[in-house]
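The values are calculated or read from the model by the stated rules, or taken from the named source; none is laboratory data. These numbers were taken from a predicted model, which means no experiment stands behind them. Here Cβ is always computed from backbone atoms with ideal geometry, including for glycine, and neighbour counts include all displayed protein chains. In case anyone asks, the SASA skips ligands and DNA or RNA and just uses the protein heavy atoms, side chains included. Shrake-Rupley method; radii C 1.70, N 1.55, O 1.52, S 1.80 Å.
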Amino acid sequence: MHPIAFSIGSIDIHWYGILMACTLVSAYLIASHFCKRKGISQESLDKLFFSTAVAAIVGGRLGVVVVNLDYYIANPWDIVGRGGMASHGAIAAAMLLGIFTVRREKLSYWEIADVAAPIIPVAHIFIRTGNFLNGELYGPPTDLPWGVQFPHLPGPVHPVQLYEAAASLIILPFAWQWAKNPRYPGYAFWRVMLAQSIVRFFLDSIRQHSELIGPFVLTQIIALGICIIAIPAMVILSRRHT
């Protein structure tokens, strides 16, 4: 594996950037499909998608910067010159901006959240594949036959990136079905968030390069927090729509 897909003259085209572009294209196609099912206009979709995509990219990048603040204070150019995205930051930024953009378009917030539900596992599949090709976010050393030897490591390690991509691939058909036939607004979104957060909680416990905060790493704490919010949210929404 190698982070650079190909070069055009002196310009290197990175796999991570290609896969990020695949994420955005896939997200637009998925959103378009479900917006048509819900009778949401193309104009509203385009407005929502553009603003949400920008928010997700900025939020994802800020998530990385905040977690590694000391480094980026010392190397401010790397805020834009270095790769890396935080999925929790991307989702949080998209949700916050969505409050305003959805209201402006006079749409239901949770119905739009359901439209976005299948996008979440798709994004994880592409981005974690990019992390794998970058040789980052791997797990501990292993002698198992599927251990991966990255060029900069002394021995094979658990490909945690691919574990999460595989888990997201399993979640995707459920997310699609939940979004296709939601029992109430928010039904698909909260189930996907809960499923992805459970996966993150367990896999991030073996991911390398993460500093412990007590017995957990930061992303585990965030994932646990999402689970604590998602379960009562599903119960409340279900009761409101029965």
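Quick check on packing: order 233-241, 26-34 by the mean number of other C-beta atoms within 10 Å, highest mean leading.
Answer by packing, highest mean first, reads 26-34, 233-241.
Can you list, bin by bin at 5 Å, the percent of alpha carbon pairs in the stretch 99-242, starting at 0?
Each 5 Å bin holds this share of Cα pairs: 2, 10, 16, 18, 18, 14, 10, 7, 4, 2, 1, 0.
Under 5 Å between amide H atoms, partner at least 5 residues away or on a different chain: which partners does V157 have, H built in plane at 1.01 Å?
Excluding prolines and chain starts, which carry no amide H, the hits are T142, V148, Q149, F150.
How many percent of the alpha carbon pairs in the stretch 1-137 exceed a separation of 18 Å?
59 percent
Please give the calculated 222 nm ellipticity per residue for the chain, where each DSSP H segment of at least 4 residues contributes -39500 (n - 2.57) and the sum is spread over every residue; nearest 500 deg cm²/dmol?
Dividing the helical sum by the residues of the chain leaves -22500 deg cm²/dmol.
Let me know the charge dipole size of the chain about its Cα centre in debye, to the nearest 20, where only the beta-carbon of Lys, Arg (+1) and Asp, Glu (-1) is charged.
Using only the charged Cβ atoms, the result is roughly 1080 debye.
Please calculate how many Å² of accessible area the stretch 99-214 carries per residue, with a 1.4 Å probe and no DNA, RNA or ligand atoms counted.
On a per-residue basis, 49 Å².
Can you find, among Q161, F150, L172, the residue farthest towards the positive end of the dipole of the stretch 128-242? Put +1 on the C-beta of Lys and Arg, -1 on that of Asp and Glu.
Of the listed residues, the answer is L172.
Once you sort the root eigenvalues of the Cα gyration tensor of the stretch 34-115 as a ≥ b ≥ c, which label holds: rounded (a/c under 1.5), prolate (a/b larger than b/c) or oblate (the other case)? Could the numbers behind the result be given before it?
Numbers: a/c = 3.28, a/b = 2.87, b/c = 1.14.
Taking the square roots of the gyration eigenvalues as a ≥ b ≥ c, the stretch 34-115 is prolate.
Could you name the lysines in cross-link range of K106, using Cα to Cα under 19 Å and dropping any fewer than eight places away on the same chain?
Straight-distance partners of K106: K36, K38, K47.
List, in order, the whole-Hz ³J(HN,Hα) value for each residue of the stretch 64-75 obtained from phi through the Karplus relation with A = 6.51, B = -1.76, C = 1.60 and θ = phi - 60°; use x for Gly and Pro.
So the J values, rounded to whole Hz, are 5, 5, 5, 5, 10, 4, 4, 4, 6, 5, 6, 10.
Can you run phi through the Karplus equation (6.51, -1.76, 1.60; θ = phi - 60°) for the stretch 157-170 and list ³J(HN,Hα) in whole Hz, with x for Gly and Pro?
Rounded to whole hertz, the list is 9, 5, x, 4, 4, 6, 4, 5, 4, 5, 4, 5, 5, 6.
Relative contact order, percent, of the chain when contacts are C-alpha pairs under 8 Å separated by at least 6 residues?
18 percent
DSSP loop chymotrypsin sites (Phe, Trp or Tyr not before Pro) in the stretch 127-179 with at most 12 other Cβ atoms within 10 Å of their Cβ, which ones?
W146
Which cross-chain or sequence-distant (5 or more) residues have an amide H under 5 Å from the amide H of A5, H modelled 1.01 Å from N in plane?
Correct list: I13, H14, W15.
Projected onto the charge dipole of the chain (+1 at Lys/Arg Cβ, -1 at Asp/Glu Cβ, origin at the Cα centre), which of P76, L97, V217 gives the Cα projection farthest towards the positive end?
Positive-end residue among those listed: L97.
Counting other Cβ atoms within 10 Å, keep those with at most 13, restrict to DSSP loop, and tell me which trypsin sites (Lys or Arg not before Pro) in the stretch 49-156 are left.
K106
On the principal axes of its Cα set, how long, how wide and how thick is the stretch 194-237? Give whole Å, largest value first.
So the extents along the principal axes, rounded to whole Å, are 38, 17, 10.
Carbon and sulfur atoms: what percent of the 1.4 Å accessible area of the stretch 1-62 do they account for?
That share works out to 71 percent.
Taking square-rooted eigenvalues a ≥ b ≥ c of the alpha carbon gyration tensor, is the stretch 1-81 rounded, prolate or oblate, where a/c under 1.5 means rounded and, failing that, a/b exceeding b/c means prolate? If you can, show how the numbers build up before the last one.
Working: a/c = 3.14, a/b = 1.59, b/c = 1.98.
Since a/c reaches 1.5 but b/c is at least a/b, the shape of the stretch 1-81 is classed as oblate.
Could you order peptides 113-121, 41-49 by the average number of other Cβ atoms within 10 Å of their residues, highest first?
113-121, 41-49
What do you get for chymotrypsin sites (Phe, Trp or Tyr not before Pro) in the stretch 71-126 restricted to DSSP loop and a cutoff of at most 12 other Cβ within 10 Å of the site's Cβ?
Within the stretch 71-126, the qualifying chymotrypsin sites (Phe, Trp or Tyr not before Pro) (loop, at most 12 other Cβ atoms within 10 Å) are W77.
Return the Rg/Rh ratio of the chain with Cα-based radii and a Kirkwood Rh.
Rg divided by Rh gives 0.98.
Let me check against my output: what whole-number percent is the relative contact order of the stretch 1-113, with C-alpha pairs under 8 Å and at least 6 apart? Don't jump to the answer; show the numbers that get you there.
Values: 88 pairs, mean separation 24.6, N = 113.
It comes to 22 percent, rounded to a whole number.
Counting pairs of alpha carbon atoms under 8 Å apart in space and at least six apart in sequence, what relative contact order in percent does the stretch 47-106 give?
The value is 51 percent.
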